[in-house]
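Comments concern the structure below.
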Amino acid sequence: MKDLRDDPRVDGQNKPAVHVSKVMDVSNPAAPIVELTVSARVKPSDTDAVKQKLLDKAAMLVGSGSSERLGAQASR
């Protein structure tokens, strides 16, 4: 969230937010799988760049190979 809040393309008056929108699998309490909804107000011309930055950061945090899955889900 800090990276998103610090991005100059994100409207500073409307703070970005992240919410758990769906719990998919909690069978492994150490690594539950959840669906997150991220919202941030940006100019329409910056939407794709900000979304890609967020996907890249998420992929880095969850490990290699995840960026393709995250990208496919974000395009839905």
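Where a number appears in this text, it was derived from the coordinates with a stated rule and is not lab data. Computed from a predicted model, the values in this text were never measured in an experiment. So basically every Cβ, Gly included, is an ideal-geometry build from the backbone, and we count neighbours across all protein chains shown.
Cross-link reach is defined here as a Cα-Cα straight distance under 15 Å, omitting same-chain residues fewer than 8 places apart; for LYS53 the aspartates and glutamates meeting it are ASP3, ASP6, ASP7, GLU68. Simple spin-label estimate for LYS57 and MET24 gives 2.0 nm between the two label positions (7 Å along the Cα-to-Cβ direction from each Cα).
For VAL42, what is the net charge nearby, where nearby means another residue's Cβ is under 13 Å from its Cβ and Lys, Arg count +1, Asp, Glu -1? List each step's numbers first, then the result.
Values: positive: ARG5, ARG9, LYS15, ARG41, LYS43, LYS51, LYS53; negative: ASP7, ASP11, ASP46, ASP48.
Result for the local shell: +3.
Extension gain for VAL34 to GLN13 (0.36 nm times residue separation, less C-alpha to C-alpha distance): 4.8 nm. Its residue count N fixes a reference of 2.2 N^0.38 Å for segment 1-65, and the Cα radius of gyration divided by that reference is 1.26.
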